[in-house]
Amino acid sequence: MPKFLIEGGIPLRGKIKVAGAKNAALPIIAATVLTKEESVINNVPRISDVEALIEILEKAGVKIKWLEEHKVQIDPSSLNISQLDSRLVKRLRASILLLGPLLARLGKVSMPHPGGCIIGRRPVGTHFMALEKLGAKITQDQENYHAEAEDLKGSEIFLGEASVTATENAMMAAVLAEGKTVIKFAACEPHVEDLAKFLTKMGAKIKGAGSHTVEIEGVKELHGTEHRLIPDQLEVGTFAIAAAITKGEVIVEDIGSGQLDSILAKLDDIGVNFKVEGEDLIVKSTKSFKPTTLKIDTWPGFPTDLQAPFTVLLTQANGTSLVHDWLYEGRLNYIEELVKMGANITVCDPHRAIVSGPTSLRGAKIISPDIRAGAALVVAALAAKGKSEIDNIQLVERGYEKLEERLKKLGAKIERIE
């Protein structure tokens, strides 16, 4: 497995550009199969999750061509699949996003149970319920989910949870359903809204995206289009913390707008020295950090995917902080690795931890348990005294493009080894 070797204690300095949002890229790439016409997606991050989804589609007959480093052309006119590639689907939990659009386009699809990071139970029952409300019949066996629908019809859907991917699957199926669909308690994250913008460009009729109630008037067919993905808010937060915790000065470029309120508010609450100028976030050296209560919530609350990096920052705060992440019972599984580095953290239960600081982090041999926790451990290693070795970094590379190369440009001493 690949590893990162990091020598910490070096202030990061310079500029770093934010990549396109992974969480927008995956559903939008999936949505391209709703039409027979080709689409072009710009600002696509070159990460392993995107590459895996593209490979799944290519094996299903979709023609895909990279026009530029971050610009991809997708031609789904030759789509001819009823069973998706088992090996690839089991690598990527986001492959569940193909269920809605393939059902709407083909009327029938079988899908192996998806894989992905182990951060806790993430049931797919909400996806099935939403599609069944639209007229689908879904069964499952030990290996596969099977979905059929002769004709999808609009319906009123109340999601039992504000699931992002279930909302996206319901939206993608409903745009080609006959009549009107109303999705209540819909997720309203920026990447859900970005998917709605893409679908609208394809000819869909959608109102309310970005709120908890989404109305969709079905159309008979969609057409190809061109779209640019929003910047990745999770990269913005991660790079800002890396700059702050190393006492550096970094300009985080192309941060977008309207999707950072909770992140910037928490940076301010902790006392990070920063300012926003246009599309840039400028993080300057901060003498000390303040403790806080870090409570995760659905959008527009603080995102669970940034809980781990912010917890690393709280190890340097003057006092005691409470971290409460109620979404997944495995989200705190990285804390044992931080303790190996000298962090003073007490795990109260699967959802809560108490962080006491400041503590001097030291280099150690540690293991990345998932994408976001792995990025947090990279941040910790950058701040630690001495050398760290982080194993399992292929998980980090599922969500962060060429992370070591980009950090090197900020002065970090980081190497990737096989």
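Brief remarks follow.
- Evaluation of residue 147 against (1) modelled with pLDDT of 95 or more; (2) not in a loop (DSSP other than H, G, I, E, B); (3) not charged (D, E, K, R) (one fails), failing number: (1)
- Subset of the stretch 383-411 [in contact with a helix residue (DSSP H, G or I) (Cβ under 6 Å, 6 or more places away or on another chain) and among the small types (Gly, Ala, Ser)]: 383, 388, 399
- Counted residues, the stretch 234-261 - those being of a type in the set (S, T, N, Q) and touching a Leu at 6+ places or on another chain (Cβ under 6 Å): 1
- Hey, residue 411 surrounded by fewer than 22 Cβ atoms within 10 Å (Cβ to Cβ), more than 22 Å from residue 14 (Cα to Cα) and in the same structural domain as residue 309 (by TED's automatic domain parsing) or not: no
- If the condition is being more than 18 Å from residue 375 (Cα to Cα) and either buried (at least 22 other Cβ atoms within 10 Å of the Cβ) or of a type outside the set (Val, Ile, Thr) (or both), then the stretch 315-327 contributes 317, 318, 319, 321, 322, 324, 326, 327.
- Filter result (touching a Ser or Thr at 6+ places or on another chain (Cβ under 9 Å) and buried (at least 17 other Cβ atoms within 10 Å of the Cβ)) within the stretch 250-270: 266, 270
- Filtered residues of the stretch 345-400 (kept if surrounded by fewer than 20 Cβ atoms within 10 Å (Cβ to Cβ) and part of a loop (DSSP other than H, G, I, E, B)): 350, 351, 358, 359, 360, 386, 392, 394
The values are calculated or read from the model by the stated rules, or taken from the named source; none is laboratory data. Treat the numbers as computed from the prediction; the structure is a model and nothing was measured. Here the Cβ is made from the backbone with ideal geometry for all residues, glycine too, and neighbour counts use every protein chain on show.
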